[in-house]
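Asks: So that we are looking at the same thing, I have put the structure below in structure tokens.
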Amino acid sequence: MSRFRFPAGRLPDEALLSGLATGDPELAVTFVRRFQHTVFGVAIAVTGDPQLAEDVAQQTFERAWRHAQIYDARRGSVRTWLTAIAHNLAIDAVRSRQPEPVAPEDLEAVLGVVSDTPERHALADEASSRLRAAVAELPPEQGRALVMAGIYGMTAQQVADSEKIPLGTAKTRIRAAMGKLRTTLAAPKRGDHVE
């Protein structure tokens, strides 16, 4: 028999959160059921990976349980507070899964290594293979400038400073590399049938 005059599912969000903080199992289950779709929706929207989104959702509810006592209704609803936790955890999860970029001084060696090995075909899909091959075909100075700007997010000024070239030259290299890539990647591949 329930201790409440009405079912736990009809309690306000704040009351469920307070019950979660006290460790009441019935209120905790009701709290999770009420918000599980919202939390998972935020996590899957950010991560794009169902397994990772499940992990983020679980971490979200654990964090809500640990920090329920610091919730402040004046700063927003329980739903808003919980989705903010899920969003931040999902972003952290995505960032921690991304590989470390190659240092700019190592770019030349990386750009020079484009080989047709079975391992590469197994690990990379066709689009990324075409992109890497197209970047490798660029003159080295344009390839470096493009990768610094496109992957590292460097500004043209930062590229110019790193390469010790004038700003206009850096901009020209980036623009020329982008144009060449567009042309190369837009051209039909060998074996494609154009109708």
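Any read-out appearing in this document is the output of simple, stated calculations on the displayed coordinates, not a laboratory observation. Only a predicted model underlies this, so the values are computations on that prediction, with no experimental measurement involved. All Cβ positions, glycine included, derive from the backbone under ideal geometry; neighbour counts span all protein chains shown.
Asks: Take residue 185 and residue 79, extend 7 Å from each Cα along the Cα→Cβ direction, and tell me the distance between the two endpoints in nm.
Replies: Reported label-point gap for residue 185 and residue 79 is 3.9 nm.
Asks: What is the local net charge at residue 93, summed over the other residues whose Cβ is closer than 12 Å to its Cβ (Lys, Arg +1; Asp, Glu -1)?
Replies: That works out to -2.
Asks: Any chance you could run the full-extension gain for residue 88 through residue 163? It's 0.36 nm times the residue separation minus the Cα-Cα distance, nm to one decimal. Walk me through the intermediate numbers first.
Replies: Values: separation 75, 0.36 × 75 = 27.00 nm, distance 3.58 nm.
Length gained between residue 88 and residue 163: 23.4 nm.
Asks: With r as the distance between the Cβ atoms of residue 132 and residue 155 and R0 = 25 Å, compute the FRET efficiency 1/(1 + (r/R0)^6) and round to 0.05.
Replies: Computed FRET efficiency for residue 155 and residue 132 comes out at 0.55.
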